[in-house]
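Read-outs: derived from the displayed coordinates by stated rules, not from any lab. Predicted, not measured: the structure shown is a model, and the values here were computed from it. In this analysis, Cβ positions are derived from the backbone assuming ideal geometry, glycine residues included, and neighbour counts consider all displayed protein chains.
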Amino acid sequence: MDKRRYGKKAAAGLLIVLGILLCVNTLFAHLYSNDWNLGVVLPAIMGIGLMGLSLKMLLIKEPILKSKRVRVAVILLLTVCFLFFAVIEGLIIADPYTHRSELAGKVDYVIVLGCGIWPDGSPTLALMWRLDKAVEYYRHNPQVKLIVSGGKGPDEPFPEADAMEAYLIRKGIPEDRILKEDKSTSTKENFEYTKKLLGSPLDQQLRVVFITNDFHVLRSRILAERFGFKAYALFASTPPVILFNSYLREFFAFVKTMIFDY
């Protein structure tokens, strides 16, 4: 009995530590992004849940759910949800490699997706890494035109596309090789408005390379194809401080896209 009690206390202690780490993750992600989106707050919600579970293990001996059938049903439901989450995350992780830009061949356009700028107008680190990938690609493929796609967010001084264009020009990209789409406020609109910018009919498929961060590739490619692009990805890494948050949030964004974003 003593071993069982000590084991229970050790498990509860581990849950408390994990809960604190998840809350700290939310704090650091917020300090990086200055935002309270789902990806930022969800780790803290999970952490509070784990700490609540640890208190239950330590203080409440009786099961919360009295009925054994209900407990089994809840466990089965949670197992199915976890498996669904794992499958989707596996697809999110794999897609940047299965639809990589090398498979596209020669293209005329590269679409760089916006992802936020700071109040002073400078790109966030995630966006900077996307733009650096665009510069690298252009230097090996000078025939392409770079389309910078991103409108003005609520806390941004001007459209993301303006900041993206300025960054590319500072890196030596000729201004006449850059096209701006500065109205979009979502990934769906990135491709919808870019298609209109190019004047290409929706039912005419246009082969392109798009640039985004790794966690964002699968959803972006699906949306690109919905708006008439045959799309291949050149992906940038995700800043480590928001890596966990980004993949976590992307699961819910992917489900939303599959249901609503048409």
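Summary table
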read-out	value
Calculated [θ] (222 nm, deg cm²/dmol) that DSSP helices of n ≥ 4 give over the chain, each run adding -39,500 (n - 2.57)	-20000 deg cm²/dmol
Links that overshoot a 22 Å alpha carbon limit, given the list K145/K256; K106/K195; K106/K145; K196/K256	K145/K256; K196/K256
Estimated FRET transfer efficiency (Q205, K171; beta-carbon r; R0 35 Å; 0.05)	0.70
Most mobile listed residue (A224, A236, A44) in the chain, GNM with C-alpha springs under 10 Å	A44
Segment V74-V87, extension gain: residue separation times 0.36 nm, minus the distance between their alpha carbons	2.7 nm
Point-to-point label distance, L21-Y262, nm (Cα→Cβ direction, 7 Å offset)	4.2
Estimated FRET transfer efficiency (I60, W36; beta-carbon r; R0 30 Å; 0.05)	0.40
Cα-based helix-to-principal-axis angle, 217-226 vs the chain, degrees rounded to 10	50
Among K188, K171, K133: highest mean-square fluctuation, GNM of the chain, C-alpha pairs under 10 Å	K171
Helix 160-170 axis, angle to the chain major axis (alpha carbon atoms, nearest 10°)	60
Separation of alpha-carbon centers, segment 99-113 and segment 151-218, rounded to whole Å	14
Rounded FRET efficiency, nearest 0.05, which uses the C-beta distance separating F252 from N141 and R0 of 41 Å	0.75
Three-way shape call for segment 98-260 based on the alpha-carbon gyration tensor, with the a/c threshold at 1.5	rounded
